[in-house]
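As structure tokens, the structure follows; a few thoughts come after it.
The values are calculated or read from the model by the stated rules, or taken from the named source; none is laboratory data. Note that this is a predicted model, so its numbers are computed, not measured. So basically every Cβ, Gly included, is an ideal-geometry build from the backbone, and we count neighbours across all protein chains shown. Surface accessibility is based on the protein's heavy atoms, side chains included, excluding ligands, DNA and RNA. Shrake-Rupley method; radii C 1.70, N 1.55, O 1.52, S 1.80 Å.
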Amino acid sequence: GIKIATIGGGSSYTPELIEGYIKRKDELPIKEIWLVDIEEGKEKLEIVGNLAKRMVEEAGLDWEVHLTLNRKEALKDADFVTTQFRVGLLDARIKDERIPLSYGILGQETNGAGGIFKAFRTIPVILEIVDEMKELCPEAWLVNFTNPAGMVTEAAMKYGNYEKVVGLCNVPIGHNMMESKILGKKPEELRFIYAGINHHHWHRIYDKNGKELTTEVIDKLFSNNSNIMENIKFIPFIEEQIRDLEMLPCAYHQYYYLTDDMVKKELEEFAKNSTRAEVVKKLEDELFEIYKDPNLKHKPEQLSKRGGAYYSDAACELISSIYNDKRTDMVVSTKNNGALTDLPYDCVVEVSSIITASGPQPLNFGKFKPAQRGLLQLMKAMEEITIEAAVTGDYGKALQAFILNPLIPSGTIAKKLLNEMLIAHKKYLPQF
Ligand code: NAD
Ligand code: G6P
Ligand code: MN
Ligand code: MN
């Protein structure tokens, strides 16, 4: 039977993960599920872990569900390891959002200064995890959702020298669902081709006969005006610019294509003490109250209010595709190896891939137009430098990443903001 270890098991997303395994019970011979957390997450682990146990029992399955604070015990002989931890918990995310906004600069979980600092806090921990994996479960696949998912995955590969790692995100799923609805079709009736990096990719849409529908979706998008991701405040893109791209942007491009408008919106939330992290804190408290109910034996509806809805289900599909060599078409963060000719071979990209027993095989995309290429190469270079800074604790590199990041102004402000954030997050930055 399969042993799966989930690091950050106390996450409110865990019931979706369990539901995803239960849905696939006939294709995944699971024996043990280990949910790992740390002392600060003990209470959450207990509550969500007990719900996981009730869900498995309700489904009539004999899987063992273990709750532990001992990571090594959980990793020992694991077949799959999934990571969904948050170093510094939501209080650190509140700082990532609020400190930049206090300078009138965008603060966001995975973008701008906030995203860079989440990488700084998380990368040392992922490197510890892969070191332990090399010793305790060297054949295991690591499925990473911990944000910033692209950079964390790249760090594990490049600096942890761990090859069997795949990054996952729910943004492509959100687009597939919304855009097939716009076309009056089911996602299975369409083909989506994605290329770029995590939270910074573009895509095209085709029908099953190969006819491209991208322009049709762009047309309909501007008469639709609906939100894609729960966690991103919706502002419509500028039509002429999107038409010129000839590809659909992802929801996170709002921060880059509509920066001023997005900052203005976020500053309103900042003033009301209701930035996304503050909203999530309340949502999470409500969710855990619901999870405590001993009569609850299924994933509750309220979980769909979280921005990450469906990503755990995608993780289960990824695991099953690897285990069963299903060759499913999925969008994952994986080593480029030439799939995107505009980016280095050894970097991690987020692309449509065929998921086989030997891992994701990224589909060859080729070259972008200058409009996409310019921003993409800048963002990837910024990521490479951020990862290097996270590994080495080099101040010059950290500042370089800030200056390169399009959401952070250069010069004195960059330096001041960096210094303030280094102090605020000191407890979780042993490398600096
Ligand atoms: P959360 O705040 O609930 O944290 C999850 C758990 O991680 C907590 O129980 C916490 O105690 C634990 N934790 C913290 N540090 C740890 C460590 N060093 N080792 C083990 N566990 C530790 O977070 P969440 O909102 O459930 O999100 C979890 C992670 O998944 C975050 O990094 C988030 O950004 C990411 N996420 C990714 C996607 C995606 O698209 N890939 C979607 C949603 C969330
Ligand atoms: C998104 C993303 C995640 C992101 C999350 C935030 O849609 O794909 O990577 O971090 O949702 O959701 P939250 O509910 O925590 O704001
Ligand atoms: Mn994501
Ligand atoms: Mn900059």
With every protein chain left in place, what is the accessible area per residue of the stretch 54-128 in square angstrom, probe 1.4 Å? 33
Just to verify a number: what accessible area does E240 come out at with the full protein assembly present, 1.4 Å probe, Å² rounded to tens? 140
Rounded, prolate or oblate, given the Cα gyration tensor of the stretch 221-359, with a/c below 1.5 counting as rounded? oblate
How many nm is it between the label spots at K233 and K282, if each spot is 7 Å from the Cα in line with the beta carbon? 1.5
In Å², and per residue, what accessible area does the stretch 163-225 have when probed at 1.4 Å with the other protein chains present? 43
Over the chain, what is the mean sequence separation of C-alpha contacts under 8 Å (at least six apart), divided by residue count, expressed as relative contact order in percent? 18
Bins of 20 Å, beginning at zero and ending with the bin holding the largest distance: percent of Cα pairs per bin for the chain, please. 26, 61, 13, 0
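If you keep only loop residues by DSSP, which GluC sites (Glu not before Pro) in the stretch 124-195 have at most 13 other Cβ atoms within 10 Å of their Cβ? It would help to have the intermediate numbers written out before the result.
On the way: sites: E128, E132, E135, E139, E154, E163, E179, E188, E189; in loops: E139, E163.
When the GluC sites (Glu not before Pro) of the stretch 124-195 are filtered for loop state and at most 13 Cβ neighbours within 10 Å, E139, E163 remain.
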Grab the beta carbon distance between K186 and E43, set R0 = 56 Å, and tell me the FRET efficiency rounded to 0.05. 0.85
State, to one decimal in nm, how far the label point of E268 lies from the label point of N324, with both points 7 Å from Cα in the Cβ direction. 4.6
Under a point-charge model restricted to the Cβ atoms of Lys and Arg (+1) and Asp and Glu (-1), what is the dipole moment magnitude of the chain relative to its Cα centre, in debye to the nearest 20? 520
Give me the extension gain from T215 to T356: residue separation times 0.36 nm, minus the current Cα-Cα distance, reported in nm with one decimal. 47.6 nm
Identify, among I197, M151, A401, the residue whose Cα sits farthest towards the positive end of the charge dipole of the chain, taking +1 on the Cβ of Lys and Arg and -1 on the Cβ of Asp and Glu, with the dipole about the Cα centre. A401
Please report, ordered by residue number, every helix of the chain (full DSSP H runs) that is 27 Å or longer along its axis going by C-alpha atoms and whose mean Kyte-Doolittle hydropathy reaches 1.0. none
Note to self, the chain gives a 222 nm [θ] from helices alone (DSSP H runs n ≥ 4, -39500 (n - 2.57) apiece, / all residues, nearest 500) of -15000 deg cm²/dmol
Work out the FRET efficiency for E246 and S410 from their Cβ-Cβ distance, taking R0 = 45 Å, and round it to the nearest 0.05. 0.90
Express as a percent, rounded to the nearest 5, the fraction of DSSP beta bridges in the chain (both residues included) that run antiparallel. 50
Of the accessible area of the chain, computed with a 1.4 Å probe and all protein chains kept, carbon and sulfur make up a percent value of 49
Trypsin sites (Lys or Arg not before Pro) within the stretch 140-233: which are DSSP loop residues with at most 16 other Cβ atoms inside 10 Å? K185, K208, K211, K233
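Rounded to the nearest 20 debye, what is the charge dipole size of the stretch 179-224 about its Cα centre when +1 sits on each Lys and Arg Cβ and -1 on each Asp and Glu Cβ? Write out the running numbers ahead of the final one.
On the way: 8 positive and 7 negative charges, 19 e Å.
Dipole about the Cα centre, nearest 20: 100 debye.
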Under 1.5 on a/c is rounded, so check that first for the stretch 113-190, then, if it is not, pick prolate when a/b is larger than b/c and oblate when it is not; a ≥ b ≥ c are the square roots of the alpha carbon gyration tensor eigenvalues. oblate
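By the gyration tensor of its Cα atoms, with a ≥ b ≥ c the square roots of the eigenvalues, what is the shape of the stretch 146-246: rounded for a/c under 1.5, prolate for a/b over b/c, or oblate?
Values: a/c = 2.22, a/b = 1.72, b/c = 1.29.
Prolate, because a/c is 1.5 or more and a/b exceeds b/c.
Between the DSSP loop rule and a limit of at most 15 other Cβ atoms within 10 Å, which trypsin sites (Lys or Arg not before Pro) in the stretch 346-432 are left?
Values: sites: K367, R373, K380, K397, K415, K416, K426, K427; in loops: K367.
Filter output for the stretch 346-432: K367.
Could you rank D285, D394 by how accessible they are, 1.4 Å probe, largest area first? Kindly include the intermediate steps, with their values, before the conclusion.
Numbers: D285 100, D394 65 Å².
Largest accessible area first, the residues go D285, D394.
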